[in-house]
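Enquirer: My structure is below; once you've seen it, I'll send some questions.
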Amino acid sequence: MTDRPLTQNIRSDGSPTFLERYEANGGYAGVRKALADMTPESCLEEVKNAGLRGRGGAGFPTGMKWSFVPMGEKAGPGHKYLIANADEMEPGTFKDRLILEQDPHQLLEGMIASAFTIQADIAYIFLRGEYVLAAERLNQAIRECYEAGYLGKNILGSGYSLELRLHKSAGRYICGEETALINALEGKRANPRPKPPFPQVAGLWGRPTIVNNVETLCNVTHIISRGSDWYKTLGRGEDNGTKLFGASGNVKNPGVWELPMGTPIREILEEHAGGMRDGYQLRGFLPGGGSTDFLTEQHLDLAMDYDVIGKAGSRMGTGTMIILDDRNCPLGMVRNLSQFFGHESCGFCTPCRDGIPWIVQLLDQFEQGEATHEDIALLEEKAAFIGGIGNTHCALAPGAMEPVNSALKYFREDFERHVTEGGCTYHRAGGRH
């Protein structure tokens, strides 16, 4: 049994794995097992026992999330839905793309097993519109599934039926929030919905709906096929299983790798990413994409686990690190991220719609040498308010402020230097002070 189940079909030449090869490597064994030998209840218990946590960023226990879906007569008449969130617009994150382009059947198998577990009869893949190659390969894999009897009516003679459709998103980062995604799928403006009601009870078109990240659903494939006890042996820390970790920035080998949960940050950066490029030194990193707090060299020996990174003052998020080196300005980095998040706001609430662009303008003043020492305190105050949980309609603005607030914490001297030296000196000194 492989200890790298998520990437066992990934080839170095980037070519996709379609049905014949996927089945030859044991593909759809999980679906066959679930439909022939298990019940929805036993599938749910297996996922719960495995301790699988959502791989989209929040890390919420998957089995617990599924347990809120009403079953049987409690669900009432009508459809139930499963949605794969393949929007992947988090800055610095490119892990799901690897699976979508090179192993699409792994996602489809995970969706079939997951849909059976919650007794959904319709499933959607909500795909980032820019992922054109992924769309082509997913469409081919879906056609193969229907032809082989893995999708449609009475799958493999089990009596269970599932229709699966690919939906190419019109875009915007906010579509990654599950209720905004649901609104977009319904043809509405992608504004997040208030909770409760939660999607598990009243989601797509008012019916019970589960939204899970691509990587999460792929894990289900292997948990059902090989069992939760096997899955628990894969992790090295507090969380179970493996994870697609990544690194981007001025490292020698930027990329994405499947590693055990709990792998130390130092190992990811030095062994897999190859360390910093010659002439560059590490100053900090965002551990889980653009909406997480900075960590620094003092945190390199921490395990990449949800709770461990949380206790250090950040979030593991998507597990894809963005590296800040000594030649790049931390203010410029957070200004760039803030501009992105401001542009991607749905515009529903004032702190996000107007507050994030205001933060960008203030950061521009620092970069241009127009800020004062009082502006540091002003930035700190406003970023703390915009980033406060409960001050905005959804978590976009709090996530957007995490890099800003943590930059003020760890790189305050850079803010001071922008004031005393009349703006950013990085570009004037070839990237160095």
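Every number in this text was worked out from the coordinates using simple rules, so none of it is lab data. These numbers come from a predicted model, not from an experiment. With ideal geometry, Cβ positions are generated from the backbone for all residues, glycine too; neighbour counts draw on all protein chains shown.
Enquirer: Which one of GLY78, GLY255, GLY203 has the biggest mean-square fluctuation once the chain is modelled by GNM with Cα springs under 10 Å?
Expert: Highest fluctuation of the listed residues: GLY78.
Enquirer: Which whole-Hz ³J(HN,Hα) couplings does segment 239-248 yield from phi under the Karplus relation 6.51 cos²θ - 1.76 cosθ + 1.60, θ = phi - 60°, glycine and proline marked x?
Expert: Each residue's phi maps through the Karplus curve to give 9, 9, x, 10, 8, 8, 9, x, 8, 9 Hz.
Enquirer: At MET71 and GLN368, where each label point lies 7 Å from the Cα along Cα→Cβ, what is the point-to-point distance in nanometres?
Expert: About 6.0 nm separates the two model spin labels.
Enquirer: Now for a separate question. Pull up the DSSP beta bridges for the chain and report the antiparallel fraction as a percent, rounded to 5.
Expert: On the way: 15 of 36 bridges.
The antiparallel fraction comes to roughly 40 percent.
Enquirer: Using θ = phi - 60° and the Karplus curve 6.51 cos²θ - 1.76 cosθ + 1.60, what whole-Hz ³J(HN,Hα) does each residue of segment 155-172 get, with Gly and Pro shown as x?
Expert: Ordered by residue, 3J(HN,Hα) equals 4, 6, x, 7, x, 8, 10, 8, 9, 10, 10, 9, 10, 8, 5, 7, x, 5 Hz.
Enquirer: Say a paramagnetic label sat at a point 7 Å from the Cα of ASP121, along Cα to Cβ; which residues of segment 197-221 have their backbone N under 20 Å from it?
Expert: Inside the label zone: 200-211.
Enquirer: Could you work out which residue, out of GLY310, GLY176, GLY51, moves most in a Gaussian network model of the chain, that is, has the largest mean-square fluctuation with Cα springs under 10 Å?
Expert: In this elastic network of the chain, the residue with the biggest mean-square fluctuation among GLY310, GLY176, GLY51 is GLY310.
Enquirer: Also, I was wondering about something else. For the chain, just list the percent of Cα-Cα distances falling in each 20 Å bin from zero outward, please.
Expert: 26, 55, 18, 1
Enquirer: Within the set LYS48/LYS95; LYS311/LYS382; LYS168/LYS382; LYS168/LYS311; LYS33/LYS74; LYS33/LYS195, which residue pairs have Cα atoms separated by over 31 Å?
Expert: LYS168/LYS382; LYS168/LYS311; LYS33/LYS195
Enquirer: Additional query: What's the extension gain from ARG21 to ARG353 if we count 0.36 nm per residue and subtract their Cα-Cα distance?
Expert: Difference between extended and current length: 114.7 nm.
Enquirer: Amide H to amide H under 5 Å from GLY255: which residues, 5+ apart in sequence or cross-chain, H placed 1.01 Å off N in plane?
Expert: For GLY255, the qualifying residues are ALA247.
Enquirer: I would also like to ask the following. Just need the relative contact order of segment 5-232 here, percent rounded to a whole number, with Cα pairs under 8 Å and 6+ apart.
Expert: Relative contact order here is 30 percent.
Enquirer: Less than 14 Å apart at the alpha-carbon level, and either on another chain or at least 8 residues along: which aspartates and glutamates does that give for LYS153?
Expert: Filter leaves ASP121, GLU163.
Enquirer: How tilted is helix 214-226 with respect to the longest principal axis of the chain? Cα atoms for both, answer in degrees (0 to 90, nearest 10).
Expert: Roughly 40 degrees, rounded to the nearest 10.
Enquirer: Using θ = phi - 60° and the Karplus curve 6.51 cos²θ - 1.76 cosθ + 1.60, what whole-Hz ³J(HN,Hα) does each residue of segment 13-25 get, with Gly and Pro shown as x?
Expert: Here the 3J(HN,Hα) series is 7, x, 6, x, 9, 9, 4, 4, 5, 4, 5, 4, 8 Hz.
Enquirer: Pick out, from ASN391, PRO351, THR318, the residue whose Cα sits farthest towards the positive end of the charge dipole of segment 287-433, with +1 on the Cβ of Lys and Arg and -1 on the Cβ of Asp and Glu.
Expert: THR318
Enquirer: Could you work out the helix-only [θ] at 222 nm for the chain, with each DSSP H run of four or more residues adding -39,500 (n - 2.57) and the total divided by the number of residues, to the nearest 500 deg cm²/dmol?
Expert: Calculated at 222 nm, the ellipticity per residue is -12000 deg cm²/dmol.
Enquirer: Go ahead and collect, in residue order, the members of segment 13-55 whose backbone nitrogen is under 17 Å from a label point 7 Å along the Cα-Cβ direction of ASP229.
Expert: Residues 43, 45-51 fall inside that zone.
Enquirer: Hey, another quick one. Would you pull out the residues with amide H under 5 Å of ILE122's amide H, same chain only if 5 or more places away, H placed 1.01 Å from N?
Expert: LYS80, LEU82, GLU163
Enquirer: Taking 0.36 nm per intervening residue step and subtracting the Cα-Cα distance, what contour gain separates THR425 from GLU271 on full extension? Working shown, then result.
Expert: Values: separation 154, 0.36 × 154 = 55.44 nm, distance 3.24 nm.
So the extension gain works out to 52.2 nm.
Enquirer: For a quick check, take a GNM of the chain with Cα springs below 10 Å and name the residue from GLY249, GLY159, GLY274 with the largest mean-square fluctuation.
Expert: GLY159
Enquirer: Could I ask something else about it? Given the peptides 259-268, 86-95, 353-362, arrange them by the average over their residues of other C-beta atoms within 10 Å, most packed first.
Expert: Averaged packing, sorted descending, gives the order 86-95, 259-268, 353-362.
Enquirer: In addition: Separation between the ALA170 and SER12 pseudo-spin-labels, each 7 Å from Cα along Cα→Cβ, expressed in nm?
Expert: Each label point lies 7 Å from its Cα, and together they span 4.5 nm.
Enquirer: Something else now. Specify the angular offset, from 0 to 90 degrees and rounded to the nearest 10, of the alpha carbon long axis of helix 132-148 from the longest principal axis of the alpha carbons in the chain.
Expert: Taking the Cα atoms of the chain, the angle to 132-148 is about 10 degrees.
Enquirer: Note down the nm distance, to one decimal, between modelled labels 7 Å out along Cα→Cβ at ASP307 and at GLN281.
Expert: 3.6
Enquirer: Right, next: So what's the angle, to the nearest 10 degrees on a 0 to 90 scale, between helix 330-344 and the longest Cα principal axis of the chain?
Expert: Helix 330-344 sits roughly 50 degrees off the main axis of the chain.
Enquirer: Can you list the residues, at least 5 places off or on another chain, whose amide H is less than 5 Å from the amide H of GLY284, using H built in the peptide plane?
Expert: Amide H to amide H, under 5 Å and 5 or more residues apart or across chains, GLY284 pairs with LEU324.
Enquirer: For ALA395 and LYS153, calculate 0.36 nm times their separation in residues minus their Cα-Cα distance, and state this gained length in nm to one decimal.
Expert: Gain on stretching ALA395 to LYS153: 83.2 nm.
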